[in-house]
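Throughout, read-outs are computed from the coordinates displayed, never taken from laboratory work. In this text, all values refer to a predicted model and were calculated from it rather than measured experimentally. Heads up, the Cβs are rebuilt from the backbone with ideal geometry, glycines too, and the neighbour counts pull from every protein chain shown.
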Amino acid sequence: MCAARIPSSRPPIVRKPTFSPTRFRTYIECALKYRYIYQDKLGKFYLKSRAGFSFGSTLHHVLQDFHAEGATQTPDEMVARMDVNWIAAGYETAEQEQVHKAAGAEIVQAYHSAHLERAAAQVETWATEKTLTSDMGRFKLSGRVDRIDRHADGRLEIIDYKSGRQETTPEEVASSLAMNCYQLILSRLYPESSVFATIYCLRSGVQASYSLQGAAKEAFERDVIVLADTILDTDFAPLRPVRVEACEDCDFISRCSRFWKMQGREAEVDTPHFDE
Ligand code: SF4
């Protein structure tokens, strides 16, 4: 005999939407692209592998392993680990891939030296490849940081690796949506700590930092809330492709181009032709 099921009186768990800097950036570039990736889930059909992404991912894995294993690997072991973890997708030629491998070997060796210098200066690697999340009310703000260091004076430093770049400036860090999101989240999670962010160009070792504080932080937080509210209140269904600057480098261009072609044909059919 089956026992009758007693309906649960608990309300269903409603998950808050989560926004990351990448989601924000995608929406700012093109709302339709945002819909294609995050709502229609079309990314797996359109988003292409790129050498820059593969190179960056390979290096992130190697550096993550280095720290996860207690930073005991030698530079040569790091290079060997890079070869094992190498992601080959997206390289256009074998030569291009070899050039990146050689650059990768130099980068991990230089990273090893920089790590020893940091350790000597009593800078502790506090976390690597860490997802930070803060509840912002209507939504959650989340971001994955490459590394967080804790300095001897208690300051927390968020480090973002750039694998394709040689130069950066404090102005770039100050205007970076991602770096400011990370700082906002970390300072909300650890309000007693002073927080700053650094962009670290792995190829050159060049770094630049900026600390988001006071009125600038409050203004940024307000902007983030307005942006998230705008996305949450957007009706994506009626959106159609409209040419924007981001089209030039967008993997959905073939899809949108089909729409524009059809539109062009329909316009031709609708336009009356008069014989002279
Ligand atoms: S091709 Fe242009 S309109 Fe189409 S999704 Fe990409 S950025 Fe948006």
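Semi-axis lengths, largest first, of the ellipsoid equivalent to the stretch 150-201 are 21, 12, 8 Å, with √(5λ) applied to each eigenvalue of the Cα gyration tensor.
Cβ crowding within 10 Å, taken as a proxy for footprinting-reagent exposure, orders Leu116, Leu186 from fewest neighbours to most as Leu116, Leu186. For the chain, the equivalent ellipsoid derived from the Cα gyration tensor has semi-axes of 38, 29, 22 Å, listed largest first. Since only Val173, Ile185, Thr230 are under comparison, the one whose Cα sits farthest along the positive direction of the charge dipole of the stretch 161-235, derived from C-beta charges on Lys, Arg, Asp and Glu, is Val173.
Considering only Gly137, Ala89, Thr22, and ranking their Cα positions along the charge dipole of the chain that arises from unit charges at the beta-carbon of Lys, Arg, Asp and Glu, the one farthest toward the positive end is Gly137.
Where Lys and Arg each count +1 and Asp and Glu each count -1, what net charge lies around Glu172 among other residues with Cβ under 11 Å from its Cβ?
Working: positive: Lys162, Arg165; negative: Asp160, Glu167, Glu171.
In short, -1.
For the pair Val123 and Ala68, what calculated FRET efficiency results from E = 1/(1 + (r/R0)^6), where r is the Cβ-Cβ distance and R0 = 22 Å, to the nearest 0.05? According to the calculation, E is roughly 0.75.
Measuring between alpha carbons in the structure, the pairs from Lys130/Lys162; Lys44/Lys101; Lys44/Lys140 lying more than 20 angstrom apart are Lys44/Lys101; Lys44/Lys140. Remark: the stretch 72-156 carries a charge dipole of roughly 580 debye about the Cα centre, counting +1 on each Lys and Arg Cβ and -1 on each Asp and Glu Cβ.
For a protection proxy built on the mean count of beta-carbon atoms within 10 angstrom, sort 253-261, 68-76 highest first, please. Present the calculation step by step, with values, prior to reporting the outcome.
Values: 253-261: 13.1, 68-76: 11.3.
Highest mean packing first, the order is 253-261, 68-76.
When DSSP beta bridges are limited to those with both residues in the stretch 124-276, what percentage is antiparallel, rounded to the nearest 5? Don't skip to the answer; put the middle values down first.
On the way: 18 of 25 bridges.
Here the share of antiparallel DSSP bridges comes out near 70 percent.
Rounded to the nearest Hz, the phi-derived 3J(HN,Hα) couplings of the stretch 204-219 under the Karplus curve 6.51 cos²θ - 1.76 cosθ + 1.60 (θ = phi - 60°) are 10, x, 5, 9, 8, 10, 7, 10, 8, 9, x, 5, 5, 5, 4, 5, where x marks glycine and proline. Rounded to the nearest 0.05, the FRET efficiency derived from the C-beta distance between Arg222 and Val99 at R0 = 45 Å is 0.50.
The Stokes-Einstein estimate for the stretch 171-243, based on a Kirkwood radius over Cα pairs and taken at 20 °C with 1.002 mPa s viscosity, is a diffusion coefficient of 149 µm²/s.
In the stretch 1-122, Cα pairs under 8 Å separated by at least six residues give a relative contact order of 22 percent.
Inverting the pair-averaged 1/r between distinct Cα atoms of the stretch 48-121 gives 12.7 Å as its Kirkwood hydrodynamic radius.
Using the Cβ of Ser194 as centre and a radius below 14 Å, the other residues enclosed give a net charge of 0, where K and R count +1 and D and E count -1. Helical runs assigned H by DSSP (4 residues or longer) give the chain a calculated mean residue ellipticity at 222 nm of -14500 deg cm²/dmol, each run adding -39500 (n - 2.57) before division by the residue total. In whole angstrom, how far apart do the alpha carbon centroids of the stretch 177-204 and the stretch 106-143 sit? Rounded to whole Å, the Cα centres lie 9 Å apart. Near Arg118: Cβ cut-off under 15 Å, other residues only, Lys/Arg at +1 and Asp/Glu at -1. The net charge is -3. The DSSP beta bridges internal to the chain are antiparallel in roughly 65% of cases. The angle separating the long axis of helix 51-68 from the principal Cα axis of greatest extent in the chain is about 40 degrees.
Counting Lys and Arg as +1 and Asp and Glu as -1, each charge on the Cβ, what is the dipole of the chain about the Cα centre in debye, to the nearest 20?
On the way: 34 positive and 39 negative charges, 262 e Å.
The calculated dipole for the chain is roughly 1260 debye.
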